[in-house]
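Undergrad: My questions will all concern the structure given below.
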Amino acid sequence: MAKGGTQTARAERDWTLVVVWIGIAAVVLLVVGVVLGRLSGAVPHLQAWWQAGPSLTGLVEHLLVNWVGAWNWPASLAWLRPHAGWVAPVTAVLAWVVLIFLFMLPMVTYQIYALRKVVGFMQARVGPTQVGPWGLLQTPADVLKLLTKEDVIPRHADRIVFTIAPFLVLVPASMAYLVIPFGNQQVVDGKVVYSLIGGDLNVGLLYLSAISSVAVIGIIAAGWASNNKYSLLGGMRSAAQLITYEIPLTLAVVPSILWVGSLNLNTIAQYQDHLGNWLVWPCFPGLILFAISALSELGHVPFDLPEAESELVSGYNVEYSGMKFAMFFLAEFSNAFILSALGVTLFLGGWQSPFPESVPLLGWDHGIFAVGWFFLKTLSCVFFLFWLRATLPRLRIDQLMSLGWKILIPVGLLNVLLVAVLRVVLG
Amino acid sequence: MTTGFAICFLVLAAVALAAAAKMIFSHHPVHSALYLVLNLCASALIYVLLGAPFIAIVQVAVYAGAIMVLFLFIIMYLNLGLAQDVADARSRRATALATAGLLAVLLLAGGVVRWSGDLAGRPQQVAAGQQALAAGQAGLPGAPAATPDAQAALQAARAAAQPQPGQAVTVEQIGVALFSRYALPFEVASLLILVAMIGALVIARPQLQRESALRKEVSS
Amino acid sequence: MSMTEQAVATPLDELLARCRAACGELLGEPVQRAAISECSVAASDLRRVAQWLRDEAGYNYLALIGGIDRLAQLEVVYLLDRLPAPTPTGRLALRVAVPREAAVVPTVSDLWPAADWHERECWDLLGVRFEGHPDLRRILLPEYWQGFPLRKDYVYDSNTMVDEILERELTPEEDHSAGAGDLPAIFTEGHRRDHDGLVTEDIAINMGPQHPSTHGVLRLRLSLDGEYVRNVDPDLGFLHRSFEKLAELKTYVNGIPLTDRWDYLDAMGNNLIHCLVTEQLMGLELPERAHWIRMLVLELNRLASHLVFVGTYGLDVGAATPFLHCFRDREMILDMFELLCGARLTYNYIRIGGVSADLPRNFLADRVESFLDYFPARLTEVDNLLTGNEVFRQRTIGVGVWSAADCIGYGLTGPLLRASGVRRDVRKAYPYARYDQLTFEVPVGERGDCMDRYLVRVAEMHQSISLLRQICAWFREHDAATRGDFQGRLPKSIKPPASETYTAIETPRGELGIWMVSDGSEQPYRCKIRRPSFCNLSLFPKVGSDQKVADLIAILGTTDIVMGEVDG
């Protein structure tokens, strides 16, 4: 008991320290921000932006155009002066960076924590308990550990490709967040009041599929460049699997597009304004197809052949360590979130509440409520993934291939036809 | 508008050209393939600049995401190493250089004739030139031929975009163009792909049969 | 005991008469030992007699080949038996004596494929050359080893040996420093062959000794054609600790802790076989309670060992959850053993003449019986998690089908043999302890595939539960009367009379036996261990080729090898 007591006391002290440090950091940042803002005269611009409707990209654009643009630029550099024309792509990039650091990293970190806790529970274990209360700081600690680890590149590996490969996997994974509708977009008189979408692309769905298909190159390159036969086999398997399952995945989303008549993810989400309008009803086979193909695209149990540890040890990333390994790891979990979010948006109403608008509280789906519904649904899907991970064994490569080519693709094509006919018949 | 556009375009064009050059002169087929991916992505961004996000995304999805993945897959499967390539490359280099040079001259000539001045006003031609350039590079030995449907899509995009230069081409416009004015070329292109697929099957079939027979022998 | 000898003498005489009629006067005078009949035969006649015994007398199973260095000559013992049920003669040993300087014996690996690895081991450790063996390489020791350790005149000079090993020229396979410029090395090796005009290349893959699925330090050299394994060559000996040699250097009692390290998942069984064979040599009688305690711990250990199998097999096909559930339940058994003897893995509990300590008070009621109430439902739960799963069924049904003939020929025993439909269990065939007083089934499979090998083990666990219930019932009746009487009376020093014998028991992995030779001293003269994992693995190169990599792992998982035992 005495031993347990001291341990608890130590854990609490650690936790207090963390809170204190976060508090200090917040205060310092606030002070620095306010002082710098006052000194540089940016504050009026901040106020103007706030009045214009507080969106992230809006802030950056506003600051660049109205504040930096108003500086006294020398004539020789005048052509570089920020103006509404070229600032948009820059703000998109900045918004992306901010999204990654503010959202993706913590999200993935705690997704891993949740996985360990949930699977631990299912496997009669306790999961992380030691770092922070309930082990909450375990995964941040792991991330830090990975970041500080030695970066090993095997002899005879192709150094350049070996180094680029993790980026080829992580960057697409992080770019996908841009088009996910986390919530609604409030537009008043053609002016965006606030937007909970990074970039409201008209071809959002196509963008996602293009982005995710590029990641395969990173996986193949990683497998090849490691100069390890296990990695090579893992890379090959990944490539074969990802190429195979991209087709049924695309076929699975087509019915939703057909039904709504748009490739814009937010439009699709807006269409499903209550439970009766959810696309899962007309496109139910599509949801099943989507779930199976998405599992395979993720390399998730029971399709985790590329990294089947009992056969290939770890697959394409077997030679990776430290930061680079962390990048693959981040990408994997981030993709799990994105595909869950995509499934929710396409079939399960996106950020919309299942109740009609008239129901108080439960029917509200604007602002924070929309984000709440979105995360509730998406995280339920992520939980479903964890559950599968604790339950299912792994398929064999030929079984996987025949499932993809002989069952999912024909069923997907039939489903597209069916939904098209239904759409025409029902108008 | 013009300055920002020009800066972005020049940077992207430089990246695309450099990647294309590296792709040709790389010693290893895997490196070449990765440079080609870079080239394709850079040209996709140029399409975005030109207000054709749909084409850009299709370019990435089809070329970088599908065709190049298959290429890398095959390169790795066949273990195309550096050693055997060097011997081959000498004989091929002259042909490759000649072809590339000829293409470059043709494209430049075409470009000079058609651009004649306003770069920003007629962005579609830039896209066409870039696409043709990429396709030209792709036509070299060891690289993919441009898929006809993507070219058709490009033409359609051009056609659809022509009424209002500078504005984004919507998916609807492309769809309408593809299924009305360009329906025949589109279908012909898909027929071509079908023919190619069947041809590949016909060539590979006896091989497969012999292999499975051999496998049976081994197992019995 | 003497009555039994008389009873089985007649079938042996009859067998010898038939053999003489068929092959001529080839067999020497028969010797009838406690449990086995034995004949000597000249090396030149071995093959003829062996062939007759296999084809006409039904000895389809070669249990072991053991060499004994008698200083004047080398002797090779072939222990034969019939599966599934023994012949009236029981186990039959053939003894071949050859001169030390020219120790050459004809191979029998074409008659019993099991002889392949046994002969390699005998060559490796004793230097008996088997003429006509297709692949007589060293099997446990490295290729560059010098001398034959089990010969009595072998001197191990660690200094010279280490120097020689360090200074020897590396084989190309060992030499990892040979890179190929800036080209990944995978492109510079591999076997090219013409395949219908298409030049393809097999990838040579080294699986193990550090690999998650080789269950220890097994190393497999695979050549892969895509996802297909074309050739498997197991490389053994990474965990070779020369138990047979060590046993000769220690007294009978001191040898028991060594046995814990063979098959560390079933250390109780290992303890038992060592004590059993020593007791048999000495003709010791045990108190009744000792037998029942032994059976209790044996069946508990069988459960623990099969739990490890079920869990790790789940891991092999990609399911992680059963593993942890199995280990949670195994933990309860280990806790019981800890109460019994203070150890959780290497028990050293069963001793010559009995066991080291009596059961703690209330051990049965508090521990064993409550476990028996709790465990069956858990077992069914874990079993349903796997067998009720479509993915698991697809991965195991029809995968790795082994014929009964192959299993018998390669000397497979235990659940592997039974999964192929051969109903053979040493507890039934040659009962030891008090197994003849218990009722239990011997579950067998129908198809002989991975699923059957899994199911047979689960069925055996249910049988063990039933056995434990019967043992608990015995204790309920006799506990008070026999308490404290767990160890027989032993002489001051344990010196079995000069003789030899073979005894076997049924461990979770199969027939674990010892051929023990005593010269009347305190140390065994020769202790030849029949290690079931070693024999079970010998079929693997045959069944592993032309499988997919994933199936290879699924098949290797079902062999449930323990490398401590394979490597000896």
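A short reminder: the numbers here are calculations on the coordinates, not readings from a lab. Given the structure is predicted, the values throughout are model-derived calculations rather than measurements. Note: ideal-geometry Cβ built from the backbone for every residue, glycine included; neighbour counts use all protein chains shown.
Undergrad: Within 10 Å of each Cβ of A:343-352, how many other protein chain Cβ atoms are there on average?
TA: Working: counts 0, 0, 0, 0, 0, 0, 0, 0, 0, 0.
Mean inter-chain Cβ contacts per residue within 10 Å come to 0.
Undergrad: Please work out the C-alpha center-to-center distance from region C:235-309 to region A:96-164 and express it in whole Å.
TA: Answer, in whole Å: 45.
Undergrad: I've got another one for you. I'd like the FRET efficiency for C:Glu331 and C:Val104, computed as 1/(1 + (r/R0)^6) with the beta carbon distance as r and R0 of 41 Å, rounded to 0.05.
TA: Details: r = 52 Å, r/R0 = 1.27.
That gives a FRET efficiency of 0.20.
Undergrad: So if I take the centroid of the Cα atoms in region A:324-354 and the same for region C:206-220, what is the distance between those two points in Å?
TA: Going from one Cα centre to the other spans 36 Å.
Undergrad: Based on other C-beta atoms within 10 Å, arrange C:Thr259, C:Thr321, A:Thr109 from fewest to most. Before the final figure, lay out the partial values.
TA: On the way: C:Thr259 27, C:Thr321 22, A:Thr109 19.
Lowest count first: A:Thr109, C:Thr321, C:Thr259.
Undergrad: Kindly rank C:413-421, A:287-295 from highest to lowest mean number of other beta carbons found within 10 Å of each residue. Numbers along the way, then the final one.
TA: On the way: C:413-421: 27.0, A:287-295: 21.8.
Listed from highest to lowest mean packing, they are C:413-421, A:287-295.
Undergrad: Could you please rank B:Leu192, B:Leu184, placing first whichever residue has the fewest other Cβ atoms within 10 Å of its Cβ?
TA: Numbers: B:Leu192 13, B:Leu184 9.
The most exposed by this proxy come first: B:Leu184, B:Leu192.
Undergrad: Sorted by mean Cβ packing within 10 Å, highest first, what order do the peptides C:365-378, C:444-457 take? Could the numbers behind the result be given before it?
TA: Numbers: C:365-378: 15.0, C:444-457: 22.9.
By packing density, highest mean first, the sequence is C:444-457, C:365-378.
Undergrad: Additional query: Distance from the Cα centre of region C:451-516 to that of region C:132-171, in angstrom?
TA: 37
Undergrad: Right, here's the next one. Choose one of C:Phe440, C:Val368, C:Cys341: the residue whose Cα lies farthest towards the positive end of the charge dipole of region C:276-524 (beta-carbon charges +1 Lys, Arg; -1 Asp, Glu; about the Cα centre).
TA: C:Cys341
Undergrad: Further question on the same structure: Relative contact order for region C:2-131 using alpha-carbon pairs under 8 Å, separation at least 6, rounded to a whole percent? Present the calculation step by step, with values, prior to reporting the outcome.
TA: Numbers: 221 pairs, mean separation 30.3, N = 130.
That works out to 23 percent.
Undergrad: Further question on the same structure: For Cα pairs less than 8 Å apart in space and 6+ apart in sequence, what is the mean separation divided by the residue count of chain C, i.e. the relative contact order in percent? List each step's numbers first, then the result.
TA: On the way: 1040 pairs, mean separation 89.9, N = 568.
Contact order relative to length: 16 percent.
Undergrad: What is region C:472-550 by shape, rounded, prolate or oblate, if you read a ≥ b ≥ c off the alpha carbon gyration tensor as root eigenvalues and call it rounded for a/c under 1.5, prolate for a/b larger than b/c, and oblate otherwise?
TA: On the way: a/c = 4.86, a/b = 1.46, b/c = 3.32.
Judged from the Cα gyration tensor, region C:472-550 comes out oblate (a/c at least 1.5, b/c at or above a/b).
Undergrad: For C:Ala22 and C:Ala72, what does the FRET efficiency come to when R0 = 30 Å and r is the distance between their Cβ atoms, rounded to the nearest 0.05? Mind showing how you got there, number by number?
TA: Details: r = 31 Å, r/R0 = 1.05.
Plugging the Cβ-Cβ distance into 1/(1 + (r/R0)^6) gives 0.45.
Undergrad: Given R₀ = 45 Å, what would the calculated FRET efficiency be for C:Ile465 paired with A:Thr267, taking r from the Cβ atoms and rounding to 0.05? Each step should come with its number before you reach the end.
TA: Working: r = 61 Å, r/R0 = 1.36.
The value I calculate is 0.15.
Undergrad: Where does each of C:Cys326, C:Cys39, C:Cys275, C:Cys23 land when they are ranked from fewest to most other beta-carbon atoms within 10 angstrom? Can you show the working numbers first?
TA: Details: C:Cys326 23, C:Cys39 20, C:Cys275 26, C:Cys23 17.
Sorted ascending by nearby Cβ count, the order is C:Cys23, C:Cys39, C:Cys326, C:Cys275.
Undergrad: Within a 10 angstrom radius of each residue's Cβ in C:209-215, how many Cβ atoms of other chains show up on average? Whole number is fine. Walk me through the numbers before you get to the answer.
TA: Numbers: counts 0, 1, 6, 7, 6, 1, 0.
Other-chain Cβ atoms within 10 Å of each residue's Cβ, averaged: 3.
Undergrad: With a ≥ b ≥ c taken as the square roots of the eigenvalues of the C-alpha gyration tensor of region A:164-295, please select rounded if a/c is under 1.5 and otherwise prolate if a/b is larger than b/c or oblate if it is not? Kindly include the intermediate steps, with their values, before the conclusion.
TA: Values: a/c = 3.57, a/b = 1.69, b/c = 2.11.
Taking the square roots of the gyration eigenvalues as a ≥ b ≥ c, region A:164-295 is oblate.
Undergrad: Ok, one more. Under 19 Å between alpha carbons, and skipping anything fewer than 8 positions from C:Lys152 in its own chain: which lysines qualify?
TA: Reachable lysines: C:Lys245, C:Lys250, C:Lys528.
Undergrad: Between A:Leu105 and C:Arg33, what is the label-point separation in nm under the 7 Å Cα-to-beta-carbon projection?
TA: 7.2
Undergrad: Let me ask another. Once you charge only the Cβ atoms, +1 for Lys and Arg and -1 for Asp and Glu, what is the size of the charge dipole of region A:99-222 about its Cα centre, to the nearest 20 debye? Please list the in-between numbers first.
TA: Details: 8 positive and 6 negative charges, 82 e Å.
Computed charge dipole of region A:99-222: roughly 400 debye.
Undergrad: Still on this structure: Under a crude label model (7 Å from the Cα following the beta-carbon direction), how far is C:Tyr374 from C:Tyr264 in nanometres?
TA: The answer from the label model is 2.6 nm.
Undergrad: Other chains' Cβ within 10 Å of A:364-370 residues: what's the mean?
TA: Values: counts 0, 0, 0, 0, 0, 0, 0.
Across the residues of A:364-370, the mean count of other-chain Cβ atoms within 10 Å is 0.
Undergrad: Here is a further query. Could you tell me the relative contact order of region C:254-349? Use alpha-carbon pairs under 8 Å, at least six residues apart, and round to a whole percent.
TA: With pairs under 8 Å counted, the relative contact order is 34 percent.
Undergrad: Here's another thing I want to ask about it. Using Cα positions and a limit of under 22 Å, work out the lysines in reach of A:Lys406, with same-chain residues fewer than 8 apart set aside.
TA: C:Lys548
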